[in-house]
1. Suppose every K and R has +1 on its Cβ and every D and E has -1 on its Cβ; what is the size of the dipole of the stretch 285-352 about the Cα centre, in Debye to the nearest 20?
2. Could you tell me what fraction of 2.2 N^0.38 Å the Cα radius of gyration of the chain comes to, as a two-decimal ratio?
3. Have a look at the stretch 194-318 and give its Rg and Dmax from the Cα atoms, expressed in angstrom.
4. So which aspartates and glutamates pass the test for Lys49, namely a Cα distance under 18 Å, with those fewer than 8 places away in the same chain ruled out?
5. What is the sum of charges, Lys and Arg at +1 and Asp and Glu at -1, for the other residues whose Cβ falls under 11 Å from the Cβ of Ala370?
6. Run the paramagnetic zone check for Asp254: 7 angstrom along Cα to Cβ, then residues of the stretch 149-191 with backbone nitrogen under 16 Å.
7. What nm distance separates the two modelled labels at Trp279 and Asp150, each placed 7 Å from Cα along Cα→Cβ?
8. Report the charge-dipole magnitude of the chain in Debye, nearest 20, computed about the Cα centre from +1 at each Lys and Arg Cβ and -1 at each Asp and Glu Cβ.
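Values in this text are rule-based calculations from the coordinates and carry no lab data. For clarity, every value in this text was computed on a predicted model and none was experimentally measured. With ideal geometry, Cβ positions are generated from the backbone for all residues, glycine too; neighbour counts draw on all protein chains shown.
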Amino acid sequence: MDIEDAQIGLRVRELREWRGMTVTAVAGLAGMSKQYLSMIELGDRAVTKRSVLEALATALRVSPTDLDGRQHSPVSPTSTAAHAALDGLEAALTEWWPGEVPDDRPARPWGQVAAELDTLTRDLRPRADFDQQGAILPGLLHDLLTYAADDDHRADALVGLIAVYHASGNMASWLGARHLGLVAAERIQAAAETLGDAEWLGVATWARAQFMSSMSRPRQYKLALAAADAPGARLESRGMGHLTAALATAAQGDQETAETHLAEADRMADHLDAPQSTWGHYTLNFGKPNTGVWRISIGVELGYGGRVAEIAKTFDWRDLPVSRRGAYWMDLGRALVQEKRTRDEGLRALLKAEELTPHQVRSNVFVREAVAGLLAWARRDAGGRDLRGLAYRMGVAPSG
């Protein structure tokens, strides 16, 4: 794939021309200047914010994933297995509902199912290993649905289903199949209602907000507020509600409200006994360090640029699970590469993130856009070896 083909600007130009719209018209609908949109289309300005991507998608009357290309093909030469697993995952999510018992084959012994669930929640999810998750998630959903109808295992199976549905929606969303995230949220709600537990109902409320379409930020914000205030919910899901509310408002350019919710999440995290909560099969990962990672991500969204490095100094990323460590370095790198004086430091951060969680980094549309931008900037000296290697692994350049 050529550099230009990897950038969002090319697809923006193609869709604009297909719709017969002028640069001036699309720029006006997206709330940006004609000059800024022209720079995006030419690849001279990377799309680094959700708000910009979503504004362009709205102006062109498409989904944001239509602009980033993740739903159409593997995002890199090294992500084909994870992408190929999406079909099986979609079948598992849609074929059977909580309360229904699959009748196509017997479930494996409970001990084997429980051990695989433990592997998912303690190992594969924390490492964001999408290849291995894709290989086991459909079978886990099938067997847990069977055991949810067994009085001896009903509660454990329903809780396990919630964790597996969430892992499925999370993986699918990372790979661009956001519609499966919405399906997963519906299944989480059904499993929580069957379980009849207020704490898990709180998780279900937050999951719906988390997986809400990025084209519905106002609705996402309302759902996140509902999660933050859900009666009987645990502190962890209420805290995640505030973090999701912060992201929803930041994506709409509302810095003040975003900061208010971040502060509330910080206050709630202070009441935990440990830096990171492991409750709920590690589904939420709420805690002080994770709130810090969200602050960095939201700082990037709000245009803080290299200033997020100061935020990064306020918490210890080593207290995070591996997937969140990867998110820490990824978002820090995205911020630093936006400024010339910190560009090399930003590339080192992105490489560190890839070392920790390669699937997560290589499937992130904003990292891909940042790497394509770095390559474009480095054309005069052919780029560095590390940059070209990262670009190849992300499918942004044809050779390493």
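1. So the dipole magnitude of the stretch 285-352 works out to roughly 100 debye.
2. In units of the 2.2 N^0.38 Å rule of thumb, it is 0.97.
3. Gyration radius and largest Cα-Cα distance of the stretch 194-318: 14.0, 47 Å.
4. Straight-distance partners of Lys49: Glu41, Asp66, Asp68, Asp254, Glu256, Glu259, Glu301, Asp331, Glu339, Glu369.
5. Numbers: positive: Arg334, Arg343, Arg368; negative: Asp331, Glu369.
Value of the local net charge: +1.
6. none
7. Taking the two extended label points, one gets 2.8 nm.
8. On the way: 45 positive and 52 negative charges, 345 e Å.
Using Cβ point charges on Lys, Arg, Asp and Glu, the chain gives about 1660 debye.
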